[in-house]
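All remarks here apply to the structure that follows.
The values are calculated or read from the model by the stated rules, or taken from the named source; none is laboratory data. Just so you know, these numbers come straight off a predicted model, no measurement behind them. Reconstructed Cβ throughout: ideal geometry from the backbone, glycine too, with neighbour counts over all protein chains shown. Please note that ligands, DNA and RNA were not included when accessible areas were found on the heavy atoms of the full protein model with its side chains. Shrake-Rupley method; radii C 1.70, N 1.55, O 1.52, S 1.80 Å.
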Amino acid sequence: MPASYTAVDPTLGRVSYRDRKRWAWLLSVVYPLMPFAGMAAHAASGEPIALALPLVISYGLMPLLDAWIGEDENNPPEAVVPQLDADRYYRWLTWLTVPLHFVALIGCAWWVSTQALPWWAVLLMGYVAGTDSGLGINTGHELGHKANRLEQWLARLVLAVPGYGHFTVEHGRGHHRWVATPQDHASARMGESIYRFALRELPGGMRRAWQLERERLAASGQPAWSRRNTLLQSYAITALLQGGLLAAFGWVMLPFLAVHNVVAWWQLTSANYVEHYGLLRERLADGRYEAPAPRHSWNANHLVSNLALFHLQRHSDHHAHPSRRYQSLRHFQHLPQLPSGYFGMFPLAYVPWLWFRVMDPRLLALPHVQGDLQRVNIDPRRRAAIEARYGQPIGAATAPSAQETSALNQSGKGRDFCSGKSTHTSLAPPAA
């Protein structure tokens, strides 16, 4: 397998690149096996609370490692990206991760059914398994943006573990189209707590996914209730998997799986909340929205958490270039930057007053916002209070930087999550 890449850049001439993180990407593969660390600790100590070890690692150790090791601002030269994307090693890692999510859930279910656990430990194990399956949604996110049939199916397969099959439709054809606009239920608004956001985001995603899939099938003369419905395909695998666990391990699976599913969904909600909080695409003169640019997502370059999440935290480049593979995602200067990786930001979001205290000033200080509330996606219920606190909107929108202009030229291009075909983002707001 090649470890270095060489190409000729029209401007820079001959360039070479070596991915120093090549083997470190294995962290994204093994991280779904984290629940087994808790089981081992429980077996060694006999204490049910030891099952919480994966949570301590994720939300305690990982933020500390992010702070200690710091950020990674290394970018692959654009000239070598085609070679980097074509290196199948990186694909094998995402493919290998898919069955490991099944292994992790089945292992957790087996442990719950074979150990004499108090009721709270059963729920704790469901929580641990749910956070792990939330990582499966991240794997499905990476795979679902790719244009080949195998990876499309692998995305549906891994999303079946937490019963989140509608994500394959909603994310690519819904969220990527309306990201950072008031019309997008998956883009959090300034002043909106994560709990209010969840009441919008969770049901909104299901409704929009069903509507989009119904429209797609109708265009080809197919009914919504069809074997070609990609939502139903993934949900059928969920029913087989979780029904099989219930049959194999008994009624204790009902509370375990209930907690598992809710927590896995909550993980995706947490990611959506921190990724676009308060960011707003501008309306153009013709009433349409500008194309999604890197400045419309919060970025995190923290090395350790990015290695555990297939570079999900380089979210700015992902939204500008949705089909770009994780190993090729880039860092940009002067973009919205989170103070920690997702493992640190999620617990912060769960304490709304603390989240607002940290993130609202950071949002208003962005170079393209500069305190102008007209450039912010604000929760309508909180607008009066926010304007009273921070003052009335002032100024006009700034022009995008040269880097962003380059990204804007291609940001409307993406991949249909279901078909893998090229798409162009429609920027017109939906009818009222």
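So, in segment 259-289, of the ones that are in a loop (DSSP other than H, G, I, E, B) and open to solvent by less than 20 Å² (accessible area, probe 1.4 Å), which residue ends up farthest from H185 (Cα to Cα)? I'd like the intermediate steps shown before the answer.
Residues of segment 259-289 in a loop (DSSP other than H, G, I, E, B): 276-278, 280-282, 284-288.
Now drop any that are not open to solvent by less than 20 Å² (accessible area, probe 1.4 Å), which leaves 276-278, 281.
Numbers: H276: 11, Y277: 11, G278: 12, R281: 14 Å.
That would be R281.
Could you look through segment 290-318, keep only residues that are over 21 Å from L65 (Cα atoms) and surrounded by fewer than 23 Cβ atoms within 10 Å (Cβ to Cβ), and pick out the one that is nearest to the chain's Cα centre (by Cα)? Give the steps one after another, and end with the answer.
Step one: filter segment 290-318 for residues over 21 Å from L65 (Cα atoms), giving 290-297, 316-318.
Right, trim to surrounded by fewer than 23 Cβ atoms within 10 Å (Cβ to Cβ) and you get 290-291, 317.
On the way: E290: 22, A291: 20, D317: 13 Å.
For segment 290-318, the residue satisfying everything is D317.
Evaluate segment 241-249: report whether one residue or more is within 17 Å of W153 (Cα to Cα) and modelled with pLDDT of 95 or more.
Yes, segment 241-249 contains at least one residue that is within 17 Å of W153 (Cα to Cα) and modelled with pLDDT of 95 or more.
For segment 240-253, give me each residue that is without any contact (Cβ under 8 Å) to a residue 12 or more places away in the chain and surrounded by 13 or more Cβ atoms within 10 Å (Cβ to Cβ).
Correct list: G244, L246.
Give me a count of the residues in segment 76-98 that are open to solvent by 40 Å² or more (accessible area, probe 1.4 Å) and at pLDDT below 90.
Of the residues in segment 76-98, 1 are open to solvent by 40 Å² or more (accessible area, probe 1.4 Å) and at pLDDT below 90.
Can you tell me which residue within segment 4-34, out of those that are of a type in the set (S, T, N, Q) and open to solvent by 40 Å² or more (accessible area, probe 1.4 Å), is farthest from P54 (Cα to Cα)?
Per the criteria, the residue is T11.
Spot the failing condition for W119; the list is (1) under 19 Å from the mean Cα position of the chain (by Cα); (2) open to solvent by 10 Å² or more (accessible area, probe 1.4 Å), and only one is missed.
Failed condition: (1).
Would you pick out the residues in segment 219-231 that are outside any loop (DSSP other than H, G, I, E, B) and either at pLDDT 95 or above or surrounded by 16 or more Cβ atoms within 10 Å (Cβ to Cβ) (or both)?
T230, L231
Would you check if there is a residue in segment 326-343 being buried (at least 23 other Cβ atoms within 10 Å of the Cβ), among the aliphatic types (A, V, I, L, M) and assigned to a helix (DSSP H, G or I)?
no
Let me confirm something: among M39, M62, which residue is open to solvent by less than 20 Å² (accessible area, probe 1.4 Å) and touching a Cys at 6+ places or on another chain (Cβ under 9 Å)? Write out each step before concluding.
On the way: M62 fails: touching a Cys at 6+ places or on another chain (Cβ under 9 Å).
Result of the check over M39, M62: M39.
Within segment 349-366, which residues are without any contact (Cβ under 8 Å) to a residue 40 or more places away in the chain, of a type outside the set (F, W, Y) and surrounded by fewer than 18 Cβ atoms within 10 Å (Cβ to Cβ)?
Going through segment 349-366, the residues without any contact (Cβ under 8 Å) to a residue 40 or more places away in the chain turn out to be 351, 353-354, 357-358, 361-362, 364-365.
Within this subset, residues satisfying the condition of being of a type outside the set (F, W, Y) are 351, 354, 357-358, 361-362, 364-365.
Across segment 349-366, the qualifying residues are V351, L354, R357, V358, P361, R362, A365.
This table checks each residue for (1) under 15 Å from the mean Cα position of the chain (by Cα); (2) of a type in the set (G, A, S); (3) over 30 Å from R382 (Cα atoms).
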{"position": "G163", "(1), (2), (3)": "no, yes, yes"}
{"position": "T181", "(1), (2), (3)": "no, no, no"}
{"position": "E192", "(1), (2), (3)": "no, no, no"}
{"position": "Y195", "(1), (2), (3)": "no, no, no"}
{"position": "G205", "(1), (2), (3)": "yes, yes, no"}
{"position": "G221", "(1), (2), (3)": "no, yes, yes"}
{"position": "W225", "(1), (2), (3)": "no, no, yes"}
{"position": "A248", "(1), (2), (3)": "no, yes, yes"}
